[in-house]
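A.B. asks: This is the structure I have questions about; it appears just below.
Computed from the coordinates by the stated procedures, all read-outs in this text should not be read as laboratory data. Everything numeric in this text was worked out from a predicted model, so none of it was measured. Note: ideal-geometry Cβ built from the backbone for every residue, glycine included; neighbour counts use all protein chains shown.
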Amino acid sequence: MPRTAYVAELSRLQSDAAASYLLLQRLWQADEQQVCHIGLRQHGRDLGQLHLQRLERTPWTELIELRYSQQVDHPLLHPLQMQIRVYHDVRLAEVVSCQQQQPREGRYAYPNEAMFHPDEKVQVNAQLVEWLKFALSRGYTPHVTFEPDH
């Protein structure tokens, strides 16, 4: 049976971007914050910290770095680093870099040199939604550092 080409799921990508925007707004409510640290806990066990840092700010967009650092070894949680572009005018947020690799295309031939999945962009944006939901449900007392915008 011939293999059909992957077609990007634009509706899913847009709904994940809208969900990410709303979840980020709920998680990081103070507009003047430059850095937000959120401890993660499940079943009384500390799982590590989620760090959000504003790297860049313009009137309509922001670039935010999300990092997860582990305090204890967990079989399902691994260190993570993402850069997220937030578009305030359209209320969307998308991953522009994950683990220091930039999935820019809507689809990739498979196999490819970077070993991206055919739907890599959809997967990393869905992963962002899951992380933000997890932080909202399992996060505790954010430690906020106020630093002025430069």
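A.B. asks: Once the piece of chain linking residue 12 and residue 41 is laid out straight, how much longer is it, given 0.36 nm per residue of separation minus the C-alpha distance between them? Walk me through the numbers on the way to the answer.
C.D. replies: Values: separation 29, 0.36 × 29 = 10.44 nm, distance 2.91 nm.
Gain in length upon complete extension: 7.5 nm.
A.B. asks: Ok, one more. Sort the following peptides by mean Cβ neighbour count (other Cβ atoms within 10 Å, averaged over residues), highest first: 121-130, 20-29, 40-49.
C.D. replies: With the highest mean Cβ count within 10 Å placed first, the list reads 121-130, 20-29, 40-49.
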